Amino acid sequence: QVQLVESGGGWVQAGGSLALSCAASGHTLSNSVMAWFRRAPGKEREFVAVISRSSYYTVYGDSVKGRFTISRDNAKNLVYLQMNSLKPEDTAIYFCAADPTAHSMTLATNPNEYIYWGQGTQVTVSS
């Protein structure tokens, strides 16, 4: 059974940095396109970043471009999200997601395209 578990969330001052990790079990992470989404209170789920199976391609949401970096270590079944220059509006629950069926030449930004989801980890950025 596929499971994704996020870790690394917490509180950070605006302008600071935080690194999130997502550990996969029950399947080989390298088989899936991996993505991060977030949901802030009162807002819909928002795309953050996605990375291809072999890390050759990445896509970022407009609100995080230049500040966040997605990466993966397939040997360790881990995907990461390095978040720099954090802003209060980055406060949200962050979810990792996996899509083992994704077309090899597409990186989906629509959460409905993803099959497996983690439980989420809270990130709070103070002013």
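Straight Cα distances below 14 angstrom link K43 to the aspartates and glutamates E89, D90, with same-chain residues fewer than 8 positions distant left out.
Each residue of region 47-53 is assigned a 3J(HN,Hα), and the resulting list reads 5, 10, 6, 9, 9, 6, 4 Hz, derived from the Karplus form 6.51 cos²θ - 1.76 cosθ + 1.60 (θ = phi - 60°), x at Gly and Pro. Beta bridges from DSSP with both residues in the chain: antiparallel share about 90 percent, rounded to the nearest 5. Taking Cβ atoms as reference points and 13 Å as the exclusive limit, the residues near G16 contribute a net charge of +1, counting Lys and Arg as +1 and Asp and Glu as -1.
Counting charges near Q119 (Lys, Arg +1; Asp, Glu -1) among other residues having Cβ under 13 Å from its Cβ returns a value of 0. Given R0 = 25 Å, the distance between the Cβ atoms of N110 and V5 translates into a calculated FRET efficiency of 0.60.
Find, among the trypsin sites (Lys or Arg not before Pro) in region 62-126, those assigned to loop by DSSP (not H, G, I, E, B) with at most 12 other beta-carbon atoms within 10 angstrom. Could you put the intermediate results ahead of the total?
Details: sites: K65, R67, R72, K76; in loops: K65, R67.
Passing both the DSSP loop test and the Cβ count: K65.
Among the chymotrypsin sites (Phe, Trp or Tyr not before Pro) in region 53-127, which ones are in a DSSP loop with at most 12 other Cβ atoms within 10 Å of the Cβ? Mind listing them? Display every interim value, and only then the final one.
On the way: sites: Y56, Y57, Y60, F68, Y80, Y94, F95, Y114, Y116, W117; in loops: Y56, Y57, Y114.
Within region 53-127, the qualifying chymotrypsin sites (Phe, Trp or Tyr not before Pro) (loop, at most 12 other Cβ atoms within 10 Å) are Y56.
Under the combined filter of DSSP loop state and at most 13 neighbouring Cβ atoms within 10 Å, region 1-52 retains these trypsin sites (Lys or Arg not before Pro): K43. Considering only G15, G66, G26, the Gaussian network model of the chain with Cα springs below 10 Å gives its largest mean-square fluctuation to G26. Computed over the Cα atoms of the chain, the ratio of the radius of gyration to the Kirkwood radius (Rg/Rh) comes to 0.94. Here the dipole of the chain is about 140 debye; that uses its Cα centre as origin and unit charges on the Cβ of Lys and Arg (positive) and Asp and Glu (negative).
Read the figures in this text as sums done on the coordinates, not as results from a lab. This is a predicted model, so every value here is computed, not measured. Cβ atoms come from the backbone with ideal geometry, glycine included; neighbour counts cover every protein chain shown.
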